[in-house]
Amino acid sequence: MSSPAHAVLRRVFGFDDFRGPQQAIVEHVAAGHDALVLMPTGGGKSLCYQVPALLREGTAVVVSPLIALMQDQVEALRQAGVRAEFLNSTLDAENAQRVERALLAGELDLLYVAPERLLTGRFLSLLDRSAIALFAIDEAHCVSQWGHDFRPEYRQLTVLHERWPEVPRIALTATADPPTQREIAERLDLTQARHFVSSFDRPNIRYTVVQKDNAKRQLLDFIGRHRDEAGIVYAMSRRKVEETAEFLCAQGYHALPYHAGLPAEVRAANQRRFLREDGIVMCATIAFGMGIDKPDVRFVAHVDLPKSMEGYYQETGRAGRDGEASEAWLCYGLGDVVLLKQMIEQGEAAEERKRLERAKLDHLLGYCESMQCRRQVLLAGFGETYPQACGNCDNCLTPAAAWDATVPAQKALSCVYRSGQRFGVGHLIDILRGSDGEKVRQFGHDQLSTYGIGRDLDARTWRSVFRQLVAAHLLEVDSEGHGGLRLTDASRQVLKGGRTVMMRRDQAPAREREARSAQRTGLSVPAQDLGLFNALRGLRAELAREQNVPAFVIFHDSTLRNIAEQRPEDMDTLARVGGIGGSKLARYGERLLEIVREQG
């Protein structure tokens with residue numbers, strides 16, 4: 001016999017079964033208990049509070065830090081026939097009062113609100129006069145002051161438990177390593193709550209790391225496999241974001257910039273286009289992304305090194321929320337490491353914070369240089385053991401060779417020492433390769449014993465050697481100077497011959513391109529169903545334009561693919577397609593069946 005939770009899942013959302021721990025979470029919260037939920041992006045976190053909201057008396061209040069996320073989720077719920085609203089700065093006074101009246105009258109199932117508004121005395125008083133089903137705290141990692149997205153208002157959300165101790169709370173996040181998990185529980189007073197920790201694995205994402213060697217060309221090679229597909233390209237600086245967007249536009253892509261320096265109306269317009277149009281590539285700083293609910297992002301590319309594994313995991317997690325094959329591609333070089341280390345040391349943060357940021361960066365460097373399965377290294381950072389090689393990352397698909405780089409390492413370290421421990425990698429390579437450049441002669445470095453002793457290796461290989469020496473803490477960046485390299489305490493053992501240095505042999509760019517182009521990722525639709533699938537997408541686009549909403553809140557691509565493959569003949573068979581609940585069936589069923597009949 002179907003449980004009440006299953007009945008809501010089928011009737012409202014159009015799904016026959018819960019996934020993973022969803023059912024246990026839903027039943028736990030619906031019964032009035034607190035929960036802390038850690039579940040990867042695309043794992044179905046929203047259903048974990050939306051279903052209990054429909055099972056319990058009163059209105060569920062959802063704390064969300066981002067306007068875009070609120071609007072998309074409310075629209076998706078309305079499409080499913082749920083009485084949902086949001087309160088944020090986009091509403092004028094009249095509409096805000098309309099929503100408040102609906103809350104007081106018990107006419108809402110869910111209300112989304114920003115933490116800043118929730119904490120006002122006026123809103124807390126409003127809640128005192130309302131029937132509250134539960135509190136859901138989304139993006140709960142924002143409570144961590146050591147995290148990548150700290151929001152100070154989240155620290156004050158303990159008021160919910162203090163003021164309404166009988167109302168269940170559920171805190172949810174997709175991004176939290178073990179220390180952050182503990183901090184969330186402590187800061188939100190959820191140490192006694194039941195913790196539901198899912199695997200952080202995103203098996204549909206293929207992870208690839210390449211070393212910079214003309215980053216624009218490398219990016220173009222990569223996204224050539226994703227033409228006409230939605231994607232995000234992250235860069236470190238605003239200037240780099242705009243240059244990348246201009247470059248991709250010149251190459252025929254629909255690329256848009258997004259960073260905090262753009263006027264608010266431009267940012268809003270670009271985000272709206274990304275959400276509502278197909279095939280847009282958003283070039284952005286990390287100011288873009290949290291709460292972006294677009295399910296069909298087929299790739300996330302980083303053309304610069306992120307700051308931490310947590311940030312990298314969250315940013316790459318914006319790909320493939322629909323569960324379809326997607327890619328996470330990272331292109332980095334030693335210059336990124338130098339710049340990030342300088343930013344840390346020259347920043348105004350306290351030494352404790354700097355130490356943490358250095359450790360996070362080192363952890364990410366270890367991931368980049370590892371020859372182990374990427375998924376194993378990535379998940380280990382979240383306290384999870386992945387038992388076998390994944391078969392869906394670059395290290396599994398095209399394993400890198402290791403080589404004994406002890407002698408080149410000794411040459412490189414010796415060159416750093418003899419040139420005064422104050423020069424960058426470009427100059428050091430010129431010395432080692434015996435360059436006749438003006439700068440080498442100016443400093444008399446053509447007279448050093450290390451001059452010309454590295455002619456046997458090309459400049460690309462030397463860049464790899466220096467990069468890996470920094471990652472292995474055998475060299476460090478003079479962050480307070482001009483980014484020169486200097487020896488560490490560990491260097492002496494290598495120079496004296498007491499330590500062997502094994503390095504990863506970087507793949508040649510041509511091999512990288514061939515390996516990456518061998519298999520295309522993305523939504524797979526059988527050839528015989530492609531015509532119907534595209535016709536259904538055309539109908540969806542028309543419906544989205546009519547209602548001025550993103551296409552994905554009407555139907556996901558996977559739902560349209562299922563319709564194309566199953567070719568339902570009537571409303572009863574259409575109702576059994578995953579993702580079509582009662583409200584959508586009533587609103588769109590006949591038009592969908594009409595398209596199916598037209599396509600034969």
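Filtering segment 570-600 to residues that are touching a Lys or Arg at 6+ places or on another chain (Cβ under 7 Å) and open to solvent by less than 30 Å² (accessible area, probe 1.4 Å) leaves G581, V596. Within segment 542-569, the set of residues being touching a residue at least 12 places away in the same chain (Cβ under 8 Å), over 16 Å from Q599 (Cβ atoms) and open to solvent by 30 Å² or more (accessible area, probe 1.4 Å) comprises just one member, H556.
Among the residues of segment 231-260, how many are surrounded by 15 or more Cβ atoms within 10 Å (Cβ to Cβ) and free of Cβ contacts under 8 Å to residues at least 60 places away in the same chain? Let's see the steps before the verdict.
Keep residues of segment 231-260 that are surrounded by 15 or more Cβ atoms within 10 Å (Cβ to Cβ), which gives 231-236, 238, 240-245, 247-249, 253-259.
Next, only the ones that are free of Cβ contacts under 8 Å to residues at least 60 places away in the same chain stay: 238, 241-245, 247-249, 253-259.
Residues flagged as surrounded by 15 or more Cβ atoms within 10 Å (Cβ to Cβ) and free of Cβ contacts under 8 Å to residues at least 60 places away in the same chain within segment 231-260 amount to 16.
Scanning segment 435-457 for residues that are more than 21 Å from L495 (Cβ to Cβ) and either surrounded by fewer than 18 Cβ atoms within 10 Å (Cβ to Cβ) or touching a residue at least 40 places away in the same chain (Cβ under 8 Å) (or both) returns D436, G437, E438, K439, R441, Q442, F443, G444, D446. Residues in segment 391-423 that are surrounded by 18 or more Cβ atoms within 10 Å (Cβ to Cβ) and of a type in the set (G, A, S): A405, A409, A412, S414, S419. Among the residues of segment 309-328, the ones that are open to solvent by 10 Å² or more (accessible area, probe 1.4 Å) and either small (G, A, S) or within 18 Å of G279 (Cα to Cα) (or both) come to 6 in all. In segment 391-405, the residues that are in a loop (DSSP other than H, G, I, E, B) reach residues that are among the aliphatic types (A, V, I, L, M) with C-beta atoms within less than 7 angstrom, at least six apart or across chains, in these pairs: T398/A515; A400/M371; A405/V465; A405/V501; A405/M502; A405/M503. Regarding A171, is this residue in a strand (DSSP E or B), of a type in the set (G, A, S) and within 20 Å of L66 (Cα to Cα)? Against the criterion (in a strand (DSSP E or B), of a type in the set (G, A, S) and within 20 Å of L66 (Cα to Cα)), A171 qualifies.
Answer yes or no: is there a residue in segment 440-450 that is closer than 28 Å to M371 by Cα, among the β-branched types (V, I, T) and not in a loop (DSSP other than H, G, I, E, B).
Going residue by residue through segment 440-450, those that are closer than 28 Å to M371 by Cα are none.
No, segment 440-450 contains no residue that is closer than 28 Å to M371 by Cα, among the β-branched types (V, I, T) and not in a loop (DSSP other than H, G, I, E, B).
May I ask you to verify whether L378 is assigned to a helix (DSSP H, G or I), without any contact (Cβ under 8 Å) to a residue 60 or more places away in the chain and either open to solvent by 40 Å² or more (accessible area, probe 1.4 Å) or within 28 Å of L172 (Cα to Cα) (or both)? Talk me through it step by step, then tell me what you get.
On the way: assigned to a helix (DSSP H, G or I): yes; without any contact (Cβ under 8 Å) to a residue 60 or more places away in the chain: no; either open to solvent by 40 Å² or more (accessible area, probe 1.4 Å) or within 28 Å of L172 (Cα to Cα) (or both): yes.
When the stated conditions are applied, L378 does not pass them.
Of all residues in segment 434-450, those being closer than 14 Å to G420 by Cα and among the hydroxyl-bearing types (S, T, Y) number 2.
Scan segment 1-40 for residues that are open to solvent by 20 Å² or more (accessible area, probe 1.4 Å), more than 23 Å from V167 (Cβ to Cβ) and either in contact with a Cys (Cβ under 9 Å, 6 or more places away or on another chain) or not in a helix (DSSP H, G or I) (or both) and the total you get is 8. Only one entry of D278, D293, D304 meets the criterion of being within 12 Å of the chain's Cα centre (by Cα) and open to solvent by 10 Å² or more (accessible area, probe 1.4 Å), and that entry is D293. What do you reckon, is A349 modelled with pLDDT under 95 and either loosely packed, with under 15 Cβ neighbours inside 10 Å or more than 27 Å from the chain's Cα centre (by Cα) (or both)? Considered against the rule, which asks whether it is modelled with pLDDT under 95 and either loosely packed, with under 15 Cβ neighbours inside 10 Å or more than 27 Å from the chain's Cα centre (by Cα) (or both), A349 comes out as yes. Apart from one condition, V477 fits all of (1) closer than 17 Å to R418 by Cα; (2) in contact (Cβ under 8 Å) with a residue 24 or more places away in the chain; (3) open to solvent by 30 Å² or more (accessible area, probe 1.4 Å); the exception is (3). Taking T90 as the residue in question, decide whether it is of a type in the set (S, T, Y), over 30 Å from P178 (Cα atoms) and not in a helix (DSSP H, G or I). For T90, the condition - of a type in the set (S, T, Y), over 30 Å from P178 (Cα atoms) and not in a helix (DSSP H, G or I) - is met.
May I ask you to list the residues in segment 261-291 that are of a type outside the set (G, A, S) and either out of contact with any strand residue (DSSP E or B) (no Cβ under 8 Å at 6 or more places or on another chain) or free of Cβ contacts under 8 Å to residues at least 40 places away in the same chain (or both)? Within segment 261-291, L262, P263, E265, V266, R267, N270, R272, R273, L275, R276, E277, M290 meet the criteria.
As a summary of the residue check, L256 satisfies the conditions (1) under 20 Å from the mean Cα position of the chain (by Cα); (2) more than 27 Å from K307 (Cβ to Cβ) except for the one numbered (2). Selection over segment 190-207 of residues that are buried (at least 21 other Cβ atoms within 10 Å of the Cβ), under 17 Å from the mean Cα position of the chain (by Cα) and not charged (D, E, K, R) gives a count of 3. Tallying residues that are of a type outside the set (G, A, S) and in contact (Cβ under 8 Å) with a residue 60 or more places away in the chain within segment 418-434 yields 4. Within segment 493-505, residues that are open to solvent by less than 100 Å² (accessible area, probe 1.4 Å) have Cβ atoms under 9 Å from residues that are among the charged types (D, E, K, R) and part of a strand (DSSP E or B) in these pairs: T500/D404; V501/D404; M503/D404, counting only partners at least 6 apart in sequence or on another chain. For segment 564-585, filtering for residues that are under 35 Å from the mean Cα position of the chain (by Cα) and in a helix (DSSP H, G or I) leaves 8.
Could you go through segment 138-157 and let me know if any residue there is over 20 Å from A287 (Cβ atoms) and assigned to a strand (DSSP E or B). Among the residues of segment 138-157, not one is over 20 Å from A287 (Cβ atoms) and assigned to a strand (DSSP E or B), which makes the answer no.
Scanning segment 93-136 for residues that are among the charged types (D, E, K, R) and not in a helix (DSSP H, G or I), we see that the one that is surrounded by the fewest Cβ atoms within 10 Å (Cβ to Cβ) is R129. Going through (1) farther than 30 Å from G44 by Cα; (2) open to solvent by less than 10 Å² (accessible area, probe 1.4 Å) one by one, L334 falls short only on (2).
Among the residues of this structure, A176 counts as one that is part of a loop (DSSP other than H, G, I, E, B) and buried (at least 24 other Cβ atoms within 10 Å of the Cβ).
Every condition in (1) buried (at least 22 other Cβ atoms within 10 Å of the Cβ); (2) over 20 Å from R151 (Cα atoms); (3) modelled with pLDDT under 95 is met by L54 except one, and the failing one is (3).
The values are calculated or read from the model by the stated rules, or taken from the named source; none is laboratory data. These figures come from a predicted structure and were not determined experimentally. Virtual Cβ from ideal backbone geometry, glycine too; neighbours counted across all protein chains shown. Protein only, heavy atoms only, side chains kept; ligands, DNA and RNA dropped before computing areas. Shrake-Rupley method; radii C 1.70, N 1.55, O 1.52, S 1.80 Å.
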